[in-house]
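See below for the structure under consideration.
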Amino acid sequence: MSRLSATLSRVKPSPTIAVTTKAQELKAAGRDVIGLGAGEPDFDTPEHIRAAGIRAINEGKTRYTAVDGIAELKLAICAKFKRDNGLDYTPAQVSVASGGKQILYNALMATLNPGDEVVIPAPYWVSYPDMVLLAGGEPVIAPAGIKTGFKLTPEALEAAITPKTRWFIFNSPSNPTGAGYSWDELKGLTDVLMRHPHVWIMTDDMYEHLAYDGFEFCTPAQVEPALYDRTLTCNGVSKAYCMTGWRIGYAAGPQDLIAAMRKIQSQSTSNPCTISQWAAVEALNGPHDFIAANNAVFKRRRDLVVAMLNEIPGIACPTPNGAFYVYPSIAGLIGKTSAGGKVIDNDESFATALLDETGVAVVFGAAFGLSPNFRISYATSDAALKEACTRIQRFCAALR
Ligand code: GLU
């Protein structure tokens with residue numbers, strides 16, 4: 001293609017999608033590949049939610065809807081925020097889009113001017129910085145390393161804020177580390193934000209319900225109610241309800257921001273899939289007992305993966321309290337050479353050699369802004385995880 005926009009030259013394709021696509025292609029070509037790249041539950045969408053989608057089709061609920069969501073879904077979202085987070089929102093403060101990604105994208109597009117800064121703790125989910133760049137803003141990366149459990153300290157947040165800061169993006173439990181902030185840890189950050197009234201908070205709560213070891217989820221507007229008027233609380237049905245492909249994300253926040261996001265959606269994609277919206281109504285209003293059952297399985301898999309990775313000299317894998325990711329460090333392996341002759345000089349060459357030589361697909365840490373690490377999504381069968389970790393153990397044992 002001859003000419004692309006200048007904006008596009010500022011961004012790269014999503015590395016999580018790239019790894020997932022590569023693993024799928026290798027599998028289709030007959031290679032024995034275990035994909036631990038994609039961050040999505042391997043469980044099917046629960047039966048009652050699927051039935052709601054089928055009902056929507058059979059009842060002819062298949063036409064355009066209001067651009068940012070049907071009234072029934074907005075009411076279900078308001079009820080969810082009240083029930084789970086103690087937050088009061090009206091339907092006019094709620095936006096529904098085609099996945100959490102579109103919600104974040106709309107909000108950034110609606111609010112950023114050239115030179116505006118967005119503070120993003122690293123490691124971060126791969127798309128935050130590139131979405132900021134697409135919207136014409138400047139990502140400001142605030143380090144949150146392994147020493148602080150991959151959590152941003154109030155000091156690091158304070159140091160990243162400038163007069164140009166427009167947003168602070170917060171994500172707990174985190175993709176890619178699984179780290180969840182306690183109430184007190186989050187209060188430390190909201191105290192800083194109270195001192196900077198020009199900074200707005202975009203909180204990505206997508207992994208809210210995926211919590212282990214008694215971790216209690218909390219969200220900024222709940223911890224510091226005085227931030228309510230400058231917080232966009234983002235969430236979605238993808239992870240907890242096993243509905244990644246249905247593409248329903250939502251957010252609640254100030255009415256004028258929601259209206260601005262609606263304007264963008266009205267000129268781009270219009271309403272999210274009608275059938276998915278009706279399925280999401282059932283997800284939010286229906287029974288939730290399957291979430292605890294799924295979490296018991298996720299926790300068992302987390303423990304299996306953490307234990308097997310920590311048996312490897314040179315790898316250190318913290319035990320996270322949420323999401324379905326682990327983010328081990330490979331600091332002890334840098335400089336070695338694989339059995340296939342590949343020098344492991346960074347986490348990208350580690351991930352590439354691992355895939356080429358063992359068929360295990362993981363996402364390298366540089367994609368998330370903190371190296372040398374890699375991300376495993378353990379939302380896959382116990383047998384596949386055991387086999388994958390065994391292959392990683394063998395691969396590392398053969399390093400020289
Ligand atoms: N959130 C998931 C991940 O990080 C899905 C892929 C993506 O959209 O990045 O793997």
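Applying the condition of being over 25 Å from CYS242 (Cβ atoms) and among the acidic types (Asp, Glu) to region 162-213 and asking which residue is farthest from the ligand (Cβ to nearest atom) yields ASP191.
Checked against the criterion of being more than 16 Å from the ligand (Cβ to nearest atom) and without any contact (Cβ under 8 Å) to a residue 24 or more places away in the chain, region 39-46 has no qualifying residue. Here PRO225 passes the criteria (1) more than 14 Å from GLY69 (Cβ to Cβ); (2) surrounded by 17 or more Cβ atoms within 10 Å (Cβ to Cβ) except the one numbered (2). In the set ASP88, ASP42, only one residue is surrounded by fewer than 20 Cβ atoms within 10 Å (Cβ to Cβ) and either among the small types (Gly, Ala, Ser) or closer than 30 Å to VAL360 by Cα (or both); that residue is ASP42. Inspect region 240-251 for any residue being buried (at least 22 other Cβ atoms within 10 Å of the Cβ), of a type in the set (Lys, Arg) and under 22 Å from the mean Cα position of the chain (by Cα) and give the result as yes or no. Checked region 240-251: no residue is buried (at least 22 other Cβ atoms within 10 Å of the Cβ), of a type in the set (Lys, Arg) and under 22 Å from the mean Cα position of the chain (by Cα).
Within region 89-115, the residues that satisfy the criterion of being among the aliphatic types (A, V, I, L, M) and within 16 Å of the ligand (Cβ to nearest atom) are ALA97, ILE103, LEU104, LEU108. Among residues that are under 25 Å from the mean Cα position of the chain (by Cα), in a helix (DSSP H, G or I), among the β-branched types (Val, Ile, Thr) and loosely packed, with under 15 Cβ neighbours inside 10 Å, ILE49 is not included.
Counting only strands (runs of 3 or more DSSP E) wholly contained in region 113-188, the ones carrying 3 or more residues that are surrounded by 21 or more Cβ atoms within 10 Å (Cβ to Cβ) and in contact (Cβ under 8 Å) with a residue 12 or more places away in the chain occupy 117-122, 165-171. No other residue among ASP88, ASP68 is free of Cβ contacts under 8 Å to residues at least 60 places away in the same chain, in a loop (DSSP other than H, G, I, E, B) and closer than 17 Å to ASN235 by Cα apart from ASP88.
None of GLU348, GLU387 is out of contact with any helix residue (DSSP H, G or I) (no Cβ under 6 Å at 6 or more places or on another chain) and at pLDDT 95 or above except GLU387.
Checking each residue in region 12-33 for being within 16 Å of the ligand (Cβ to nearest atom), outside any helix (DSSP H, G or I) and without any contact (Cβ under 8 Å) to a residue 24 or more places away in the chain picks out only PRO13. Residues of region 213-239 that are part of a loop (DSSP other than H, G, I, E, B) and either in contact with an Asp or Glu (Cβ under 7 Å, 6 or more places away or on another chain) or farther than 17 Å from GLU185 by Cβ (or both): PHE217, THR219, VAL237, SER238, LYS239.
Looking across region 9-37, just one residue is buried (at least 20 other Cβ atoms within 10 Å of the Cβ), of a type in the set (A, V, I, L, M, F, W, C) and within 30 Å of GLY137 (Cα to Cα), and that is VAL19. A single member of LYS386, LYS342, LYS336 is away from the ligand (no atom under 16 Å from the Cβ), within 27 Å of VAL297 (Cβ to Cβ) and surrounded by fewer than 21 Cβ atoms within 10 Å (Cβ to Cβ), and it is LYS386. Within region 270-281, the set of residues being more than 19 Å from LYS82 (Cβ to Cβ) and within 22 Å of the chain's Cα centre (by Cα) comprises PRO272, CYS273, SER276, GLN277, ALA279.
For region 116-157, the tally of residues that are within 16 Å of the ligand (Cβ to nearest atom) and closer than 18 Å to TYR207 by Cα stands at 10.
Of all the numbered requirements in (1) closer than 19 Å to GLY249 by Cβ; (2) away from the ligand (no atom under 16 Å from the Cβ), THR7 misses one, and that requirement is (1). Take the conditions more than 30 Å from THR20 (Cβ to Cβ) and either among the charged types (D, E, K, R) or buried (at least 19 other Cβ atoms within 10 Å of the Cβ) (or both) and apply them to LYS101. Does it pass? No. Restricting attention to region 220-258, the residues that are out of contact with any helix residue (DSSP H, G or I) (no Cβ under 8 Å at 6 or more places or on another chain) and small (Gly, Ala, Ser) add up to 1.
The values are calculated or read from the model by the stated rules, or taken from the named source; none is laboratory data. All figures in this text were calculated on a predicted structure; none of them were measured in a lab. Cβ sites come from the backbone with ideal geometry, for glycine too, and all protein chains shown count toward neighbours.
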